[in-house]
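The structure under discussion appears below in the form of structure tokens.
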Amino acid sequence: ARLVVLVSGSGTNLQALIDAIADDPQGFGARIVAVGADRDGIAGLERAERAGLPTFVCRVKDHETREAWDLALAEATAVYEPDLVVSAGFMKIVGKEFLARFGGRCVNTHPALLPSFPGAHGVRDALAYGAKVTGCTVHFVDDGVDTGPIIAQGVVEVRDEDYEDGGDALHERIKEIERRLLVEVVGRLARTGYRIEGRKVVFP
Ligand code: GRF
């Protein structure tokens, strides 16, 4: 299967995919054909370049409207004819055009146990609420914010010390689980195929 990975930040989830594929290119069942970003100068793009992967950048501010940006992102992604798109720390909500082309084929990872704490601050919000467990969710992207069908989740316990650093250490512990889960899920989707039945993701 062909993967396009979208990033906005440090790209450690992308790196986990790059490494897993490099470990066993045949066995993994998928390869990354391009990495896209919504901004320049991020470590995620450097990781892609270091791995010799084609990259593209699609910035909201270069477009007149959010819709125009969404269309440009969809077209830039479509160039690489992906079977699956992986949103790996991509901090933008995609729109209608993107979903028209890649709905049901776009996977996102979120650092909380959805449906709790959706949005850009999943880790901080879980702490602020006083949750004792949190974690990560890999799910399909739909037209809501972190609302699509859940594929897999991982649990992480909140520690008392987590209140001291605003959630940085907690986020790091979540990301360790998140990277493993994302690699496992993407590989499985690519290798076995899947069906989405309502809110349920069914593997054959
Ligand atoms: C991940 O925790 C992702 O869920 C969140 O941002 C983080 C991205 O990390 N939204 P990285 O860029 O893959 O290192």
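Any read-out appearing in this document is the output of simple, stated calculations on the displayed coordinates, not a laboratory observation. Just so it is clear, the model here is predicted, and its values are computed rather than measured. Please note: Cβ atoms are built from the backbone with ideal geometry, for glycine as well, and neighbour counts cover all protein chains shown.
Can you give the longest run of the chain that contains no GluC sites (Glu not before Pro) sitting in a DSSP loop with at most 16 other Cβ atoms inside 10 Å?
Formally, the longest exposed-site-free interval is 65-163.
Rg to Rh for the stretch 1-113: what is it, with Cα atoms only and Rh by Kirkwood?
Rg/Rh for the stretch 1-113 comes to 0.95.
Between the stretch 173-189 and the stretch 63-108, what is the separation of their alpha carbon centroids in Å?
Going from one Cα centre to the other spans 21 Å.
If amide hydrogens are placed 1.01 Å from N in the peptide plane, which non-local residues have theirs closer than 5 Å to the one on Ala152?
Those lying under 5 Å, H to H, from Ala152 are Val138.
Run through every distinct alpha carbon pair of the stretch 2-195 and return the Kirkwood hydrodynamic radius in angstroms, one decimal place.
This gives a value of 16.9 Å.
In a Gaussian network model over the chain where Cα atoms closer than 10 Å are linked, find which of Pro149, Pro115, Pro54 has the largest mean-square fluctuation.
Residue with maximal mean-square fluctuation among Pro149, Pro115, Pro54: Pro115.
For the chain, how many pairs of lysine residues have a Cα-Cα distance under 19 Å, where the two are 8 or more positions apart or belong to different chains?
Counting lysine pairs in the chain gives 4.
If you restrict to DSSP beta bridges whose two residues both lie in the stretch 2-195, what percentage is antiparallel, to the nearest 5?
Percent antiparallel among DSSP bridges in the stretch 2-195 is about 40.
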